[in-house]
Every structure is written in structure tokens, then in C-alpha cells.
Amino acid sequence: MSLSPFEHPFLSGLFGDSEIVELFSARADIDAMVRFETGLAQAEAQAGIISEEAAEAIVSRLSDFAADMTALRHGVAKDGVVVPELIRQMRAAVAGQAADRVHFGATSQDVIDTSLMLRLKAAAEIISARLGRLIDTLGDLASRDGHNPLTGYTRMQAAIGITVADRAASWTAPLERHLLRLESFTQSGFALQFGGAAGTLEKLGDNAAAVRADLAKRLGLAD
């Protein structure tokens, strides 16, 4: 039984959105966390903080990582957040000397928040594409039928004559404003969270800013 009409077996046909909901599934969350950890390893290797070999091992061995969901549930009950148990599983999957380089210099908040930013940005891009298609459709409607007359209404009462083009323009204008704001925000509004244990990235020393910028670039997020 679902607790939400957005995921209900049949009510979701009216209220739900399978493409958006999938971005907020447990699987998508973990996949985004893996992206953070592999991107972090690559950025740290680029800065010389970990070896290229360690970064390559982390990326390769986490490419098909599948988390043990039962163990994650027990881990959250014990730790309050998913990251400690998830990192333990990732390190076991990487194995060898590279294992202790997984998550180096990061903290749970970094992984959790960045995962959310990655998925929110993906959702915003889906919505932007849909808005664009809707605006185009309304434009086609106005081009085809814009000269046709309609009755304008005020306070639910018939008022004066308008055209289809008038009505389409009133629908299109706010959608265009929304699309511009959303596209602008998508470029700079989804920021990487990367501060380490206390926000100082102390383990990265003088390389902290460079690693953060490189990681943000790799993930397509703002620094």
C-alpha cells in the first residue's frame, strides 16, 4: 500500500509523474552518491592528493556497485544517516589499498546534499524541456487559430470579444517567464556541498579550493 497519491498503484495516473518520481527513489539517491564519490576520487587524483591508480580503482569498481539495502536500513537505524554504512559497502567493493581513499576528506552531509542537488537539477531540466514543448504548442495553436473569436470573461460573466491569440498569449507569457528563471537557476543555482567534517576541508590543505572547483565541474554543479 502506498502512503502517497504520487506513487499509488492507480491514483498516480492522475497525480503522479513516473519520470520525476524515479529521480527521488532510493536507487537514484545511491547512484548520485556514487557519482559524488567517484568524482571526488578523480578530482583528488588530479590534485595529487590520492594516486591515479587509487582513483581508477574506485571508478572502475564502483561502476556496477549495488548496495545491500537491508544493511543500509540497519545502518540508518544505528547511525541516523545512510552514509557510514554506504561507505563501508563501497570500500568493501573497491577493496585493496584504494579502499581507504574512498570518501577521503568528505563527510556525510557532503554526500547527502550533493546527491539531492544532482537529482533536483535533473528534475529541473526535465521540467524546462516540458515547458519549452508546451510553449511551442501554444505558439502553434496561436498561429493556426489565433484569428478565431472567443468570448472574454470577467468574474465568470461574459464580457467582451477576444481572440484565440489573446488567450494563448495570456497562457504563454507566464510560462516563458518561468522557463527563463528555471534555465537561469539551472546554470548556477544547484551548488556542490563539499566542506568536510567541519566545513574547512582541512584534510585537503592548500588544494581544497581546487578540488572543490574540479569536483563541481565534474558533477555539473555550481562551485
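The values are calculated or read from the model by the stated rules, or taken from the named source; none is laboratory data. This is a predicted model, so every value here is computed, not measured. When we count neighbours, we look across all protein chains shown, and the Cβ atoms used for this are built from the backbone with ideal geometry, even at glycine. Surface accessibility is based on the protein's heavy atoms, side chains included, excluding ligands, DNA and RNA. Shrake-Rupley method; radii C 1.70, N 1.55, O 1.52, S 1.80 Å.
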Sequence gap at least 6, Cα distance under 8 Å: using those rules, report the relative contact order of the chain to the nearest whole percent. 21
Determine, at each q value in 0.24 (inverse angstroms), the log₁₀ of I(q)/I(0) that the Debye formula gives when each Cα of region 1-83 is one equal point scatterer. -1.09
Calculate one ³J(HN,Hα) per residue across region 187-198 by plugging θ = phi - 60° into the Karplus curve 6.51 cos²θ - 1.76 cosθ + 1.60, and present them in order as whole Hz with x for glycine and proline. 6, 9, x, 9, 9, 5, 9, 7, x, x, 4, 10
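Semi-axes, largest first, in whole Å: what does sqrt of 5 times each Cα gyration tensor eigenvalue give for the chain? Provide the component values of the computation, followed by the final result.
Working: eigenvalues 434, 94, 39 Å².
Each semi-axis is √(5λ); the values are 47, 22, 14 Å.
How large is the Kirkwood hydrodynamic radius of region 125-223, counting all unique pairs of alpha carbons, in Å?
On the way: mean 1/r = 0.0577 Å⁻¹.
This gives a value of 17.3 Å.
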Inter-centroid distance (Cα atoms) of region 4-78 relative to region 137-168, Å: 47
Name the residue, out of GLY48, GLY39, GLY189, whose mean-square fluctuation peaks in a Gaussian network model built on the chain with Cα pairs under 10 Å. GLY48
Within a Gaussian network of the chain (alpha carbon springs, distance under 10 Å), most fluctuating of ALA159, ALA197, ALA77: ALA159
For the chain, which whole-number percentage of the solvent-accessible area (1.4 Å probe, protein heavy atoms only) is attributable to carbon and sulfur atoms? 56
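Kindly provide the helix-only [θ] at 222 nm of the chain, computed as the sum of -39,500 (n - 2.57) over DSSP H runs of four or more divided by all residues, to the nearest 500 deg cm²/dmol?
-20500 deg cm²/dmol
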Under 5 Å from the placed amide H of ILE162, counting only residues 5+ away or on other chains, we find LEU150, THR151, GLY152
I need the calculated FRET efficiency for the pair TRP171 and ASP17, taking r as the beta carbon distance and R₀ as 25 Å, to the nearest 0.05. 0.75
With labels modelled as points extended 7 Å from the Cα through the Cβ direction, what inter-label distance (nm, one decimal) is found for PHE185 paired with LEU141? 2.4
